[in-house]
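Down below is the structure, laid out as structure tokens.
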Amino acid sequence: MPEEIKNADTVGSVSSSRYEQIVAELRTVVENQTRGQFTIGDYALEIASRYRSRCSAWPRTSDCRTRR
């Protein structure tokens, strides 16, 4: 726990129970954010692999972007 612990009842300026609530919620936020970043990356890789398979000169020429 942080150095701001003055006694067993408070952490900084919040109660120990409030501190635990905050930490639990922030862990959930970080978990969701991390999952979101991996999801974005997975979709980006999927798009890039499809793009590469359509255009052998990827990404050097602009005609690859317009070819269907």
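The values are calculated or read from the model by the stated rules, or taken from the named source; none is laboratory data. The model shown is predicted, which means the values in this text are computed figures rather than measured ones. Note: ideal-geometry Cβ built from the backbone for every residue, glycine included; neighbour counts use all protein chains shown.
Taking the residues in region 1-24 that are surrounded by 10 or more Cβ atoms within 10 Å (Cβ to Cβ) and of a type in the set (D, E) as candidates, determine which candidate is modelled with the lowest pLDDT. By that ranking, first place goes to E4.
Within region 33-52, residues that are touching a residue at least 12 places away in the same chain (Cβ under 8 Å) and surrounded by 10 or more Cβ atoms within 10 Å (Cβ to Cβ) have Cβ atoms under 7 Å from residues that are among the hydrophobic types (A, V, I, L, M, F, W, C) and outside any helix (DSSP H, G or I) in these pairs: Y51/W58, counting only partners at least 6 apart in sequence or on another chain.
Might you let me know whether region 49-63 holds any residue that is of a type in the set (A, V, I, L, M), on the phi < 0 side of the Ramachandran plot and modelled with pLDDT of 90 or more? Checked region 49-63: no residue is of a type in the set (A, V, I, L, M), on the phi < 0 side of the Ramachandran plot and modelled with pLDDT of 90 or more.
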